[in-house]
């Protein structure tokens, strides 16, 4: 019995040593490990997604680059943006398909503030000069609210998800809306000779709310896409891409979308970043 046990133990040792040597010397063929899918967690507002990153429940947050950069700046060194912005595209003022007169009036008002230099000043106030767009060639006609059904009450109602600093947000502890879109909307209303009223609306349902006549236009850091253009019309006014926000020091060594495979990513519902993550997931296998 003892002799049999010694032989068995010796055989096990020989097998283990052989396996170790084969592994160390590259013995056997190993298939490359498949990349795991991105685990995508969506939230109604961007600050809720960023909170997941702060709490260590997410490895990264995807957002428009100016917003991600602002979140990093406000984090007191706890968060950072990695890489450079990608897939830059224009934001658009959204209008219903039948808002023909309003579309023309706002186009003229936008050209007026661009030609006067007020547009550039507003962008500079928020440090967003990089997203500037050029006015249409030629002198713009004087904007007017006359003959525009939506402005007959003397008010331009603007739908916006006011939680996306520095594009639109409430000053801390107040209900005072501020940001790039807020300042631009105010400037457009002044050109048209009307007041402006902001209607705080969740981003995921904001196009439907516009179509349901809850407000006249939407200005909510909305990137123009082909799918969205099938639903409403747009007037482009600013350009921004996507940024990746991570904990300071970038512990997961994330630089690009491809690096998010197998990671937990938090993102705001209804944004183009959700589409970008879903598209990347097709490549994570």
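None of the figures in this text is laboratory data; all of them are computed from the coordinates on show. Only a predicted model underlies this, so the values are computations on that prediction, with no experimental measurement involved. As a convention, Cβ positions derive from the backbone with ideal geometry for all residues, glycine included, and neighbour counts pool all protein chains shown.
Numbers for the structure displayed
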{"item": "Per residue convex hull volume, Cα atoms of segment 39-281, in Å³", "result": "120"}
{"item": "Likely footprinting exposure, 257, 123, 180, fewest C-beta neighbours within 10 Å first", "result": "123, 257, 180"}
{"item": "Simple spin-label estimate for residue 100 and residue 118 in nanometres, 7 Å along Cα-Cβ", "result": "2.8"}
{"item": "Contact order relative to length of segment 131-285, as percent, for alpha carbon pairs under 8 angstrom and 6 or more apart", "result": "23"}
{"item": "Beta bridge orientation in the chain: antiparallel %, DSSP, nearest 5", "result": "60"}
{"item": "Difference of contour (0.36 nm per residue) and Cα-Cα distance, residue 211 to residue 155", "result": "18.4 nm"}
{"item": "Exposure proxy ranking, count of Cβ atoms within 10 Å, fewest first, for 160, 75", "result": "75, 160"}
{"item": "Neighbour-count order for 114, 133, 219, fewest beta carbons within 10 angstrom listed first", "result": "133, 114, 219"}
{"item": "Where the Cα pairs of segment 162-266 fall when distances are cut into 5 Å bins, in %", "result": "2, 9, 16, 18, 18, 14, 10, 7, 3, 1, 0"}
{"item": "Nearest 10 degrees, 0 to 90: helix 180-192 Cα axis against the chain principal axis", "result": "20"}
{"item": "Crossing angle, helix 65-74 versus the chain [Cα axis fit, 0-90 degrees, rounded to tens]", "result": "80"}
{"item": "Tilt relative to the chain, helix 272-281 - C-alpha long axis, 0 to 90 degrees, to 10", "result": "20"}
{"item": "CD proxy at 222 nm, helix term only [per DSSP H run n ≥ 4: -39500 (n - 2.57); per residue of the chain; nearest 500]", "result": "-10500 deg cm²/dmol"}
